[in-house]
1. Can you find, within segment 131-153, the residue that is most open to solvent (accessible area, probe 1.4 Å) among those that are of a type outside the set (V, I, T) and touching a Phe, Trp or Tyr at 6+ places or on another chain (Cβ under 8 Å)?
2. Residues that are among the polar types (S, T, N, Q), in contact with a Ser or Thr (Cβ under 6 Å, 6 or more places away or on another chain), under 29 Å from L24 (Cβ atoms) and modelled with pLDDT under 90: does segment 106-126 have at least one?
3. Answer with yes or no whether N80 is under 19 Å from A130 (Cβ atoms), surrounded by 17 or more Cβ atoms within 10 Å (Cβ to Cβ) and touching a residue at least 24 places away in the same chain (Cβ under 8 Å).
4. Return the pair list, or none, for Cβ contacts closer than 6 Å from residues in segment 37-64 that are within 17 Å of G112 (Cβ to Cβ) to residues that are open to solvent by 40 Å² or more (accessible area, probe 1.4 Å) and among the hydroxyl-bearing types (S, T, Y), at least 6 apart or on different chains.
5. Name every residue in segment 125-151 that is touching a helix residue (DSSP H, G or I) at 6+ places or on another chain (Cβ under 7 Å) and more than 23 Å from A49 (Cβ to Cβ), in order of residue number.
6. Looking at segment 33-63, which of its residues are of a type in the set (F, W, Y) and assigned to a helix (DSSP H, G or I)?
7. Please pick out the residue among E116, E66 that is acidic (D, E) and either assigned to a strand (DSSP E or B) or under 25 Å from K129 (Cα atoms) (or both).
8. Taking the condition free of Cβ contacts under 8 Å to residues at least 12 places away in the same chain and acidic (D, E), does E68 pass?
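The values are calculated or read from the model by the stated rules, or taken from the named source; none is laboratory data. Model, not experiment: these values are computed from the prediction. Here the Cβ is made from the backbone with ideal geometry for all residues, glycine too, and neighbour counts use every protein chain on show. Surface accessibility is based on the protein's heavy atoms, side chains included, excluding ligands, DNA and RNA. Shrake-Rupley method; radii C 1.70, N 1.55, O 1.52, S 1.80 Å.
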Amino acid sequence: LYLFLKNLIGFYPQNLKLYDLAFLHKSASIVDSRGNFVNNERLEFLGDAILSAVIADFLYNRFPKEDEGFLTKTRSKLVNRTFLTKLTYDMGLNVFIDSNTTKNIDNSHIYGDALEALIGAIYLDKDYKAAKYFVTKKILSKFVNLTEIEQNDSNFKSRLIEWSQKNKKELEFDTTEEFNEKTKQPKFTTVVKIDSRKVGYGTGASKKEAHQ
């Protein structure tokens, strides 16, 4: 893992425990000396914020003539879990994920979460500058086609909202949540209504995913 990371991120990790933790899903949590369950969720939280800031900075300078709406939409495409999961496969990080979940891992966000946790680990191990370098030079420059990202509008909820407003239709998203005792994971189901008529539904591991 450490040699792989050295080639991927451009430097040899110093605090190896951080990187081990970055790939430890909560289903495979370990107990520390204080009796606490530890996994990559805290690193994921940190990495998510850093990734969003770095990409915002990158897009702001890359597209000086675009408005806030374009920048926001483009950033959302680059930080959504499905896209991050694809990146994890492209980068070869997926083989290092430590998980004991019975959930279908290929349809979950475990890989994308681990990528965010890795960014959080780099930030703590080095600094913000190193995390920014990794995101811009090692991810965006090598694995992301910005032209393709611009042309691909995968925010289906936004497109439906725009359509309903244009056509003066009443749009509703009714979401319910269930908890699967077997997988220990929540499942969200969203029913879409147009003028009070059910027209479709979606399921996902989060409300946002179910809406899409």
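1. Taking the candidates together, the pick is L140.
2. No - not one qualifying residue is present in segment 106-126.
3. Against the criterion (under 19 Å from A130 (Cβ atoms), surrounded by 17 or more Cβ atoms within 10 Å (Cβ to Cβ) and touching a residue at least 24 places away in the same chain (Cβ under 8 Å)), N80 does not qualify.
4. That search, which allows pairs on different chains as well, returns I50/Y123.
5. The answer is E150, and nothing else.
6. Once the filter is applied, which keeps residues that are of a type in the set (F, W, Y) and assigned to a helix (DSSP H, G or I), segment 33-63 yields F45, F58, Y60.
7. The conditions single out E116.
8. Considered against the rule, which asks whether it is free of Cβ contacts under 8 Å to residues at least 12 places away in the same chain and acidic (D, E), E68 comes out as yes.
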